[in-house]
Structures are given as structure tokens and as C-alpha cells.
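Peer 1: Just passing along the structure, written as C-alpha cells.
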Amino acid sequence: MITLKTMIKEEYKYSDITQRIIGCAMRVHSALGCGFPENIYYRAMAIDMKDEGLNFESEKEVIVYYKNQVVGKRKVDFMVEGVVSVEIKAVSELND
């Protein structure tokens, strides 16, 4: 049986944080299922991450670097604990 604990590799950077984020996403999906627009999952994730005790910023603008040069800016849905960016995506069906 594959569990969340077996999916997370402790040697990965920030695995303690990503494990908690993935747990939040799994709880949201289990409770809501599929079929809602992204903003519903976004709000539910914010609630669950708050309940999990994760610190996060919503709609955080981040600077993107390539070879130590700024190549642009973008907004991420959540910046968790100041180090992990989270993007919420919802699709009506999966394609090949």
C-alpha cells in the first residue's frame, strides 16, 4: 500500500513542509471531490493549510531568475513557509 509517508523522501529539501501541503490537498480532494472551479479548491486549501498550522501568503508575487538574472515576475497561489510555492489547478477531465 502506498501512503503519503512513503511518497515523501526525507532527503528532499523541505519534505517536511511538502508532506503537510500534500496532506492538505488530499483532504480537500477527499472532501470536495472533483468538478469545482479552481477558486473553490483555492479557498478550501487556505482553510486546511491554516488548520494545519502552515504559514502562507496568498497571490504572492515572486521574481523569476535564470542564470542569476531576472527574467520576469509571476504570482503564485500560495507561498508556504516562505519557501514552497503552490499552484491550484482544476480540470474537468484528464487527457493523455
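Peer 1: I'd like the residue in the stretch 34-46 that is under 11 Å from Ala90 (Cβ atoms) and not hydrophobic (A, V, I, L, M, F, W, C) and, out of all such residues, is modelled with the lowest pLDDT.
Peer 2: Gly35
Peer 1: Ok, one more. Take the stretch 33-58 and flag every residue that is surrounded by fewer than 16 Cβ atoms within 10 Å (Cβ to Cβ) and not in a helix (DSSP H, G or I). Give the derivation first.
Peer 2: Residues of the stretch 33-58 that are surrounded by fewer than 16 Cβ atoms within 10 Å (Cβ to Cβ), as a first pass: 33-40, 43, 47, 50-53, 55, 57-58.
Selection gives Gly33, Cys34, Gly35, Phe36, Pro37, Glu52, Gly53, Asn55, Glu57, Ser58.
Peer 1: Within the stretch 12-32, does at least one residue satisfy the condition of being closer than 24 Å to Ala90 by Cβ, modelled with pLDDT under 95, of a type outside the set (Ser, Thr, Tyr) and loosely packed, with under 11 Cβ neighbours inside 10 Å?
Peer 2: No - not one qualifying residue is present in the stretch 12-32.
Peer 1: If you scan the stretch 7-49, which residues turn out to be of a type in the set (Ser, Thr, Tyr), touching a helix residue (DSSP H, G or I) at 6+ places or on another chain (Cβ under 8 Å) and touching a residue at least 24 places away in the same chain (Cβ under 8 Å)?
Peer 2: Residue satisfying the conditions is Tyr41 alone.
Peer 1: Name the residue that is farthest from the chain's Cα centre (by Cα), counting only residues in the stretch 59-92 that are in a strand (DSSP E or B) and among the polar types (S, T, N, Q). Walk me through it before giving the result.
Peer 2: To start, the set of residues in the stretch 59-92 that are in a strand (DSSP E or B) comprises 59-66, 69-80, 84-86.
Remaining after also requiring among the polar types (S, T, N, Q): 69, 85.
Numbers: Gln69: 26, Ser85: 6 Å.
Among those that are in a strand (DSSP E or B) and among the polar types (S, T, N, Q), it is Gln69.
Peer 1: Turning to a different aspect of this structure: Among the listed residues Lys67, Lys73, Lys89, identify the single one that is more than 20 Å from Asp16 (Cα to Cα), modelled with pLDDT under 95, surrounded by fewer than 13 Cβ atoms within 10 Å (Cβ to Cβ) and basic (Lys, Arg).
Peer 2: When all the criteria are applied, what remains is Lys89.
Peer 1: With the structure loaded, tell me whether Gly53 is touching a strand residue (DSSP E or B) at 6+ places or on another chain (Cβ under 9 Å) and more than 16 Å from Met26 (Cβ to Cβ) or whether it fails that test. If you could, list the steps in order and put the result at the bottom.
Peer 2: Working: touching a strand residue (DSSP E or B) at 6+ places or on another chain (Cβ under 9 Å): no; more than 16 Å from Met26 (Cβ to Cβ): yes.
It is false that Gly53 is touching a strand residue (DSSP E or B) at 6+ places or on another chain (Cβ under 9 Å) and more than 16 Å from Met26 (Cβ to Cβ).
The values are calculated or read from the model by the stated rules, or taken from the named source; none is laboratory data. None of these values were measured; they are calculated from a predicted model. Backbone-built Cβ (ideal geometry, glycine too); neighbour counts: all protein chains shown.
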